[in-house]
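S.K.: Before I ask anything, here is the structure I am working with.
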Amino acid sequence: MKEVRKLSLLLADVDGTLVTHDKILTERAQRAVHRMREVGIRFAITSGRPPKGMAMLIAPLAIETPIAGFNGGLCVHPDLSIIEERTLDSDVAAQTVALMHDHGLDVWVYAGNDWLVRDPKVPHVDREAWTVKFPPKVVKDFGSALQRAVKIVGVSDDLELVKRCEADAQRALGSRASAARSQPYYLDVTHHDANKGFVAEVLARSLQIPFAEIATIGDQPNDVLMFKRSGLSIAMGNSSDDVKRQADAVTDSYDNEGFANAVERFILGRVAHA
């Protein structure tokens, strides 16, 4: 693992990283965050979730830094007031919905604080509603919402299909949007600047922390961009081999206290031996 002289911030993904498979924030994970704060290391979170879908994490982790939802498409203060928002161009949004539909994926659209679906009975809707603690709005079509879409998600349990759609979306959309899987069954398309690499840049600028002093931890392909903007990157044990290869270190899985173990070993352990 490469040598990093100083760490001032840990930026963490949420699902698959900070919380368990059952979306539980463990007591050990909470203690790890509080111990970092005690030694002067700040903590921030980013996710494909909407910001209010992370609200339940703010108090137990005493989060004081900007929170980046929709992979950076909507950045808010801890009171959920908006700092900045990046929406997709309407033509890009329409093309994305058509591409996902042609691939056979179910499509969700997030516009402002609304989560829109056409069929509430398709896979993962109930699970997502339980996770983010609010239900979707059911619509016949997405209509004018595509003029203000922050994130469009393609959903399927055919994981190879999602992977192929990701590659096709990246080719079709090019630099006009960011397309990456946030889970093996979710393909997220957001504004071209709304990705986790951009989140690291926003935090470095707003908190006045050099990239070299930022640590990042995640599990999915969309976390690799923030890996590349940090002095220390950590992949979860439940990550794919490809994601692991692009990180500086690998911890345990999310169901084996991988987040807490990473903090204790690679961050707090570094401080203890400094």
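The values are calculated or read from the model by the stated rules, or taken from the named source; none is laboratory data. As the structure is a prediction and not an experimental result, all values here were calculated from the model. Methodologically, a virtual Cβ is constructed for each residue, glycine included, from the backbone with ideal geometry; neighbour enumeration extends over all protein chains shown.
S.K.: Only one of (1) farther than 19 Å from Arg265 by Cβ; (2) in contact with a helix residue (DSSP H, G or I) (Cβ under 8 Å, 6 or more places away or on another chain) is not met by Asp22, so which one is it?
M.R.: So Asp22 meets the others, but not (2).
S.K.: State all residues of segment 229-254 that are crowded, with 16+ Cβ neighbours inside 10 Å and out of contact with any strand residue (DSSP E or B) (no Cβ under 8 Å at 6 or more places or on another chain); if no residue qualifies, say none.
M.R.: Asn238, Asp252, Ser253
S.K.: Now for a separate question. Scan (1) in the same structural domain as Glu64 (by TED's automatic domain parsing); (2) more than 30 Å from Leu268 (Cα to Cα); (3) aliphatic (A, V, I, L, M) for the single condition Leu187 breaks and write down its number.
M.R.: Single failed check for Leu187: (1).
S.K.: Let me ask something additional. Answer yes if at least one residue in segment 189-197 is under 21 Å from Ala32 (Cα atoms) and touching a Ser or Thr at 6+ places or on another chain (Cβ under 6 Å), and no otherwise. I'd like the intermediate steps shown before the answer.
M.R.: Going through segment 189-197, the residues under 21 Å from Ala32 (Cα atoms) turn out to be none.
So far as segment 189-197 goes, no, none of its residues is under 21 Å from Ala32 (Cα atoms) and touching a Ser or Thr at 6+ places or on another chain (Cβ under 6 Å).
S.K.: Being in a helix (DSSP H, G or I) and of a type in the set (A, V, I, L, M, F, W, C) is the filter here, so list the residues in segment 1-49 that pass it. It would help to see each step written out before you state the result.
M.R.: Step one: list which residues in segment 1-49 are in a helix (DSSP H, G or I), which gives 27-38.
Once the filter is applied, which keeps residues that are in a helix (DSSP H, G or I) and of a type in the set (A, V, I, L, M, F, W, C), segment 1-49 yields Ala29, Ala32, Val33, Met36.
S.K.: How about segment 111-208: which helices (runs of 4 or more DSSP H) wholly inside it have at least 1 residues that are of a type in the set (Phe, Trp, Tyr) and in contact with a helix residue (DSSP H, G or I) (Cβ under 8 Å, 6 or more places away or on another chain)?
M.R.: Working: elements: 125-132, 159-173, 196-207.
Per the criteria, 196-207.
S.K.: When Ala167 is evaluated against the numbered criteria (1) within 20 Å of the chain's Cα centre (by Cα); (2) surrounded by 21 or more Cβ atoms within 10 Å (Cβ to Cβ); (3) not hydroxyl-bearing (Ser, Thr, Tyr), which criterion, by number, is the only one it fails?
M.R.: Condition not satisfied by Ala167: (2).
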